[in-house]
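Read the structure below first, then the notes.
Laboratory data are not the source of any read-out in this text; all were calculated from the coordinates shown. Since we're looking at a predicted model, the values are computed, not measured. Using ideal geometry, Cβ is built from the backbone for each residue, glycine included, and neighbour counts are taken over all protein chains shown.
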């Protein structure tokens, strides 16, 4: 069974000349390929396979991270054409504060500006006391190994997504983004509304949790992790049926979660969780470590 991971699916935009996205045409071609070559797994068969720890030998499951409006405008119509469904993972915190999450500010800054300029700008604001030194070696074993990034892009993303303590990330990004992005305008263009999520669920897809603030969970205590997970489900439960509690890890790699995360997921009644392994799901040892493959491997 192949589980495919998607993020941005949109046509190229001259305002963001460096943006890394899959175009709508590329997405459509991938869905046609998966549909015709492997077949698309039904929800019922997927849930059965997890419950019984027996992945299907053939078939594709589609997953979409970060709750982007792209998924309603560009993905849902194509899924409906194929009578298909997907898992859509939503970080819920921005619905309260109406602020773009740090990870998405990083993406849009890199999409708009020269990465060497951005790296130079951020290094002027950082000192070593801001770094999460205990985790750096662990993160370096896996982060961005499968992404095509320039040296400056790699360093900029690594620093702002992983290396800095959370208390400094937002402050530094506030200063940089205020000079380059219109965040209020971008917010309305970027994220799914509650009404769109309701419609997507009615069309047969599953809305899952992607935490509240999209943190690297392994840097948090057990109590903090449980709050991130539990609060996100509490919010989604206000307007969605949430018959199957599905979860995927922010950033996704194996160093981004730990045994405390598994405990918190179990206590919150989560059915399964996806990580990034870039390999087929041939065996299920842990229902909270279902491996996904980045869609860019099928371009």
For this session: Take the alpha carbon gyration tensor of region 155-299, find the square roots of its eigenvalues, order them as a ≥ b ≥ c, and report rounded if a/c is under 1.5; if not, report prolate when a/b exceeds b/c, else oblate.
Result: rounded
Exercise. Between 266, 195, 228, which gets the highest mean-square fluctuation from a Gaussian network model of the chain, Cα cutoff 10 Å?
Worked result: 195
For this session: Work out Dmax and Rg for the chain from the C-alpha atoms and quote the Rg first, both in angstrom.
Result: 18.5, 53
Problem set entry | the chain - mean residue ellipticity at 222 nm from DSSP helices (-39,500 (n - 2.57) per run, n ≥ 4, rounded to 500) | -12000 deg cm²/dmol
Exercise. Per the Kirkwood definition applied to all pairs of different Cα atoms, how many angstroms is the hydrodynamic radius of region 27-185?
Worked result: 18.7 Å
Exercise. Angle, helix 102-112 long axis vs. longest principal axis of the chain, Cα atoms, 0 to 90°, nearest 10?
Worked result: 70 degrees
Seminar exercise, completed: region 237-299 and region 90-121 have their Cα centres apart by a whole-number Å value of 23 Å
Problem set entry | Cβ-based exposure ranking for 105, 53, in which fewest neighbours within 10 Å come first | 53, 105
For this session: May I ask you to sort 227, 176 by Cβ crowding, counting other Cβ atoms within 10 Å and putting the fewest first?
Result: 227, 176
Seminar exercise, completed: A student applying the Cα gyration tensor rule (rounded when a/c is under 1.5; otherwise prolate if a/b is larger than b/c, oblate if not) would label region 3-109 oblate
Exercise. Would you list 169, 29 from fewest to most Cβ contacts within 10 Å?
Worked result: 29, 169
Problem set entry | Rounded if a/c under 1.5, otherwise prolate or oblate - region 102-186, Cα gyration tensor axes | oblate
Seminar exercise, completed: Zone reached by a paramagnetic label modelled 7 Å from residue 37 Cα along Cα→Cβ, restricted to region 1-26 with backbone N below 13 Å, covers 2-4
Seminar exercise, completed: Per GNM of the chain with C-alpha springs under 10 angstrom, the most fluctuating residue out of 261, 92, 23 is 23
Seminar exercise, completed: In the chain the DSSP beta bridges are antiparallel at a rate, in percent to nearest 5, of 10 percent
